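Structure first, commentary second.
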Amino acid sequence: MSAAKWPDLDEVADVTEFNTFQMRKVAQELEEYVAGFTAPAFSEGYTTGSAASVETSGNLSGQEIGEWPAAQTFARTVGSVSAGGSPEGRIAVLAQVYKEFVAQYAEVIKTIRASAKEYDGANVAGGAGDG
């Protein structure tokens, strides 16, 4: 019985392609939303929806968050994890979850850019050029 042959890079080159231009475009599009996450709490008298805004104005009840399944789970998490379910505790938990989301969002952008750079390097080393 012969062992299955592991494909080399030349054999998969025709079926696997990474468009680094497109990868960078996705990262750029994601980056356009970062300012909204990191903006001040208020702008022109309105809350911004940023992490700072959540810290100052995030006292939402489960009813205000919504009734759809993910919102209900989120409301239970925010309400139950906090200190006795107090409004201050809910705000602190909500703000922490939001800050973690923003941090992970930024990591996704960095990872996409780093991956594009690696693929470009591999393409150059392989004689294929950028992209």
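The values are calculated or read from the model by the stated rules, or taken from the named source; none is laboratory data. For clarity, every value in this text was computed on a predicted model and none was experimentally measured. Neighbour counts are summed over all protein chains in view; Cβ atoms, including those assigned to glycine, are modelled from backbone coordinates with ideal geometry.
Computed values, structure above
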{"read-out": "Given (1) within 24 Å of the chain's Cα centre (by Cα); (2) exposed (fewer than 14 other Cβ atoms within 10 Å of the Cβ); (3) modelled with pLDDT under 70, index of the condition A35 fails", "value": "(3)"}
{"read-out": "Pairs, first touching a residue at least 40 places away in the same chain (Cβ under 8 Å) and crowded, with 20+ Cβ neighbours inside 10 Å in segment 47-58, second assigned to a loop (DSSP other than H, G, I, E, B) and of a type outside the set (S, T, Y), C-beta under 9 Å, six or more apart", "value": "A51/A39; A51/A41; V54/A41"}
{"read-out": "Whichever residue in segment 70-114 is touching a Lys or Arg at 6+ places or on another chain (Cβ under 7 Å) and farther than 30 Å from Q22 by Cβ and, among such residues, is modelled with the highest pLDDT", "value": "V78"}
